[in-house]
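Reviewing the structure listed below.
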């Protein structure tokens, strides 16, 4: 790639980490972490374009796929897995795929990311179509598993995006809507689970939250469609119902919530 500089592999600006006292290690890591939101801010125009494209497809009934390897792949799986409980959408609307399959979520799978064909193969298992959007996650921007998948998607008219942490990367060239968040060298040289991972997590939060709001899964600033999967969430839901219906009776609000299964449905049942 022309002008491609792998900033994520450049040497740390800190030396002799093993000699640093703990307080200095922590302070320096924190100082580096503080720079990440500013790097994300610079990429906001590209993030907006990607979110708009995804929203259009999902409002028309499409799905969102994240595909990555290593830390990037795990972050995509985390974001995808949190959408159903947080926003009450069905499992399978947002899907995270990782090179090496489920085993790779907790263990490194050797050379899994080096295949240019496996990414597309994994997408095909989910009957991917041009109704869907695929976002490739690769901190380095060079992961063959991700690049191969995006190239195959584009051949078939499937909209693609990418999130990487180097400028002018191969994965960006393979995406319709590339996002590059250049956070600079890592505190530990090449350890992209640090600032690069934080940057990807921030962008993923922005993407999924913005899209779910566009899909009507949030009202005012509340998660009115969240799954009632534990005591804390039931209690939160009861208080939302009380607030929306101006009820002072906790037990009555709880009965309504549990009967209808979500804050939104409980409120609608009483309001209509």
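Just so you know, all these numbers are worked out from the coordinates, no wet-lab data involved. Treat the numbers as computed from the prediction; the structure is a model and nothing was measured. A quick note on method: Cβ atoms are made from the backbone with ideal geometry, for glycine too, and the neighbour counts reach across all protein chains shown.
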Notebook entry, point to check: Taking Cα atoms, how many degrees apart are the long axis of helix 195-214 and the longest axis of the chain, rounded to 10 and kept between 0 and 90?
Noted result: 30
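Send over the semi-axes of the stretch 231-271's equivalent ellipsoid, whole angstrom and largest first, taken as the square roots of 5 times the C-alpha gyration tensor eigenvalues.
Semi-axes, largest first: 13, 11, 8 Å.
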Margin query: Show me the ranking of peptides 257-267, 9-19, 243-253, 199-209 by mean Cβ neighbours inside 10 Å, starting with the highest.
Written below: 199-209, 257-267, 243-253, 9-19
Check: Under a no-solvent Debye model with one identical scatterer per Cα of the chain, what's log10 I(q)/I(0) at q = 0.08, 0.09 Å⁻¹?
Finding: -0.39, -0.48
Margin query: Cβ neighbours within 10 Å, averaged per peptide: list 42-54, 103-115, 134-146, 163-175 in order, most packed at the top.
Written below: 134-146, 163-175, 42-54, 103-115
Next item on the list: Could you check the simple spin-label distance between residue 221 and residue 235, using points 7 Å along Cα→Cβ, in nm with one decimal?
Entry: 2.1
Check: What distance in nm separates the simple spin-label points at residue 205 and residue 18, each placed 7 Å from Cα in the Cβ direction?
Finding: 3.5
Check: Binned at 10 Å from 0, what are the whole-percent values of the Cα-Cα distance distribution for the stretch 50-93, short to long?
Finding: 26, 52, 22, 0
Next item on the list: State the volume of the convex hull built on the alpha-carbon positions of the stretch 3-72, expressed per residue in Å³ and rounded to an integer.
Entry: 163
Checklist line | Kirkwood Rh in Å, taken over all unlike Cα pairs in the stretch 146-270 | finding: 17.8
Check: Of the listed peptides 223-229, 89-95, 62-68, 125-131, what is their order by residue-averaged count of other C-beta atoms within 10 Å, with the highest listed first?
Finding: 62-68, 223-229, 89-95, 125-131
